[in-house]
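Chemist: Right, I'll just put the structure down here and ask away after.
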Amino acid sequence: VRWAVQRYSKRMVQLMKLCGIKPEVRGRERLPPAPFILAPKHSSYGDGFLMYVQFDELAFVTGDHLERFPLVPKVLEKLGAIVIDNCGGPEAREHKRFRAGVWHMQEASQWPVVPVATSLGLRWQQQDYAKYPGPAVIEFLDPIAPGLGKDEFLEQLGGAIRSNTDRLIAEGRE
């Protein structure tokens, strides 16, 4: 299953390129030795594909919105994905609950968390079938070491993702 998903993700990245989207990955040098937790700004269906192809093995957390597609729940189970309920509230509450979940994962595992900023939402919007040509960046940011209190962690994670995503979006609009 992992091989099939990896292959499918590679094909999706190729299709992005055919649509004129120019994916770019930055900050790989910031990645700590495995294991670590990625905490992306998820603004496009393409984000997951572009991140998935960066790693040979990747376990991930996803929202339950994917479970409405045929066969996907079984695939997620086989991949060991952690599925959270994030389909029932305002977007800000969903993001806060997701970030709090990341803090809990870090507390339990003691692994560093790598925030990920992206501008892919400029090219492939979440609920839009249209694709818009141009550069699309995912950027791995400086890892957050374990040991922070929840509030400090949430502030650091949210601030890093927000400010760097805003920077990438401004760059992509130029």
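Chemist: Per DSSP helix of 4 or more residues, -39500 (n - 2.57); summed, then divided by the residues of the chain. What does that give at 222 nm, rounded to the nearest 500?
Modeler: Numbers: 5 runs with 76 residues, N = 174.
Calculated mean residue ellipticity at 222 nm is -14500 deg cm²/dmol.
Chemist: Moving on. Which residue fluctuates the most in the chain, going by a Gaussian network model with Cα springs under 10 Å, if the choices are V72, V53, V13?
Modeler: Comparing V72, V53, V13 in a Gaussian network model of the chain, the most mobile one is V72.
Chemist: Ignoring ligands, DNA and RNA, what percent of the accessible area of the chain is carbon or sulfur (1.4 Å)? Spell out each step's value before the answer.
Modeler: Values: 5600 of 9930 Å².
Looking at the chain in its full context, I get 56 percent from C and S.
Chemist: When only alpha-carbon atoms are used, what values of Rg and Dmax, in angstrom, describe the chain?
Modeler: Taking only Cα atoms of the chain, I get Rg and Dmax of 15.7, 44 Å.
Chemist: Would you rank M12, M51, M105 by solvent-accessible area, highest first, keeping every protein chain in place and using a 1.4 Å probe?
Modeler: On the way: M12 35, M51 15, M105 60 Å².
I get M105, M12, M51, largest accessible area first.
Chemist: Still on this structure, please answer the following. Cross-chain or 8 or more residues apart, Cα under 15 Å: how many lysine pairs in region 17-174 fit that? Count them up, please. It would help to have the intermediate numbers written out before the result.
Modeler: Working: K17/K131; K22/K131; K41/K96; K96/K150.
Lysine pair count for region 17-174: 4.
Chemist: In square angstrom, rounded to the nearest 10, how much accessible surface does L66 have for a 1.4 Å probe?
Modeler: About 50 Å², ignoring ligands and nucleic acids.
Chemist: Can you give me the relative contact order of region 3-157 as a percent, contacts being Cα pairs under 8 Å and 6 or more apart? Don't jump to the answer; show the numbers that get you there.
Modeler: Working: 223 pairs, mean separation 55.1, N = 155.
Relative contact order here is 36 percent.
Chemist: Under a point-charge model restricted to the Cβ atoms of Lys and Arg (+1) and Asp and Glu (-1), what is the dipole moment magnitude of the chain relative to its Cα centre, in debye to the nearest 20?
Modeler: For the chain, the charge dipole is close to 620 debye.
Chemist: Could you derive backbone 3J(HN,Hα) for region 7-22 from the dihedral phi with the Karplus parameters 6.51, -1.76 and 1.60 (θ = phi - 60°), listing whole Hz in sequence and x where the residue is Gly or Pro?
Modeler: Each residue of region 7-22 in turn: 5, 4, 4, 4, 5, 5, 5, 4, 5, 4, 4, 5, 7, x, 7, 10 Hz.
The values are calculated or read from the model by the stated rules, or taken from the named source; none is laboratory data. From a predicted model like this one, the values you see are computed outputs, not experimental measurements. Quick reminder, even Gly has a Cβ in these numbers, built from the backbone with ideal geometry, and neighbours come from all protein chains shown. These area figures cover heavy atoms from the full protein model, side chains too; ligands, DNA and RNA do not enter into them. Shrake-Rupley method; radii C 1.70, N 1.55, O 1.52, S 1.80 Å.
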